[in-house]
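Only the coordinates and a few stated rules stand behind these numbers; no lab work does. Note that the coordinates shown come from a computational prediction; the quantities given were computed from them, not determined experimentally. Cβ placement follows ideal geometry from the backbone for every residue including glycine, while neighbour counts extend to all protein chains displayed.
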Amino acid sequence: MNMKLHLALLGALLLTGCQALQQDSDKNNLGSTVNVMSNYRSHATSALDRSESSHPYMWDRIADEMQLTMPNDPDVIAYRDWYIKHPKYLRTVTERAAPFLHLITEEIDKRQMPMELVLLPIVESAYNPNARSHGNAVGLWQFLSASGKRYGLKQDYWYDGRRDVVASTHAALDYLAQLNAYFDGDWLNAVAAYNAGEGRIQNAIKANRAQGKATDFFSLNLPRQTMEYVPRLMALADVIKNAKKYGIDLPKVPNRPSVRLIDTNGQIDLRTAAEQAGMSLPALKRLNPGFNRNTTSPQGPDHLLVPIGVADELELALADMAPQKRMRNDSERVALAKNDDAAKSGSSVSISVHHKVKRGDTLWTIASSYGVSEKQLMQWNKLTKKKLKAGQVLLVNAPVSKASGKASKLSVAKAAKSRRYEVRRGDSLSSIAEKFQITINDLMRWNSLDHNRLKPGQTLTVRLNDSGV
């Protein structure tokens, strides 16, 4: 390999990420993941409850948890030297990664996967969620369209899950875990297969076996891009793990959650959500690049990634917001797939809401309460039978006037379970917790507090139990 030539081109390549060689047929062979958001909220909550680990900064924690053996390979050394000579590049990707670094690290940690994988988006996209390769691979983890769909990443007019940081991270780690199992625990071959497709790696392994050669990554005959891909990852790992040794001062990203996923309770205009959160629209969209428009999708997902300091208050505000205030203009309020019945009903403006089926509900009672037909409900939810189960959630594209009435009842119910409390002189976390029969930990979590100092006039969110204590 002519390393001088490759390294001369590396600067531009690194800033844009690499073009994935993943083959869709290979990904299809390994199956798919359906629930890309599984367990995120509960895991994020547990992260909030935990104090910082022994490492106050993310790169220190990541370096300490790395597992893979560093190969003594000339390509790894060459790329390592490039990173050492270009510390500005590491600062740039750290700035991009900062909002997401903790949540991706937590997910890798939860799955007990090598912490080196948190560096893979640097190789793939330079931690740019909007990156698109020449081969049309998209997002932090550079999924192609077909392979993204196979791994549960929805793509439509409103939303592209390949750019959704949380969803694509779940999909990428699911795929990497499957690749690792496929290659009998060899992580370097698994990472190579993430780039080139497992079929190509498996064929190279078979060819080496037939010739009596070793089958580790560095012994395989693979495309040039893949032969550079793994060394770049390992070079990054070496630099991060030995930053002091190489004289590199890595940016200090605190080892604690900075963002949280919240429930939007249905479709919401991003401008409205940004105003409620006290953020600019561009800032909110940078955290939620999966949405193609200035609104979430009427078909879901119904979530937003927001700064942790505004998460609880924004979630409550969106839960209590009247449907007619959620959207800015008619064209984006109308559901994407209007059917003939909806057109005949004359409801030119509708909003997507989710109805949780209660005991005694029928399609007819639900349809009547929202001013739609049973046939519409069945079409929107792809139902073949009219039988419903308590707890089932139905999508309803309801006329705004009907949706408003349902939402107002929901708001009253939610308001009865939460309130705002203004701190008075002499109040403490323990006295407020005792007053409302709640725990101090809950009070701190609801208000994103990392200390026990309160000021008179400060407003706290208090969530009450069902008995209305």
Under a crude label model (7 Å from the Cα following the beta-carbon direction), how far is N221 from A322 in nanometres?
7.3 nm
Starting from 0.36 nm per residue, how many nanometres of slack lie between R111 and S280 once their C-alpha separation is accounted for?
57.4 nm
Specify which residue in the list Y157, Y175, A190 is farthest towards the positive end of the charge dipole of the range 146-198, using unit charges on the beta carbon of Lys, Arg (+1) and Asp, Glu (-1), about the Cα centre.
Y157
With R₀ set to 51 angstrom, the calculated FRET efficiency between the beta-carbons of M70 and R293, to the nearest 0.05, is 0.70
Simple spin-label model, 7 Å along Cα-to-Cβ: W364 to S431 in nm?
5.9 nm
Can you list residues from other chains, or at least 5 along the same chain, whose modelled amide H is less than 5 Å from the amide H of V259?
I308
Could you give me the ³J(HN,Hα) list for the range 77-86, computed from phi with Karplus coefficients 6.51, -1.76, 1.60 and θ = phi - 60°, whole Hz, x at Gly and Pro?
5, 5, 5, 4, 4, 5, 4, 5, 7, 10
In whole Hz and in residue order, list the ³J(HN,Hα) couplings for the range 278-289 that follow from phi through the Karplus curve 6.51 cos²θ - 1.76 cosθ + 1.60, θ = phi - 60°; x for Gly and Pro.
x, 10, 7, 4, x, 5, 5, 5, 5, 7, 10, x
Length gained, T459-A214, 0.36 nm per residue minus C-alpha separation, equals 81.7 nm
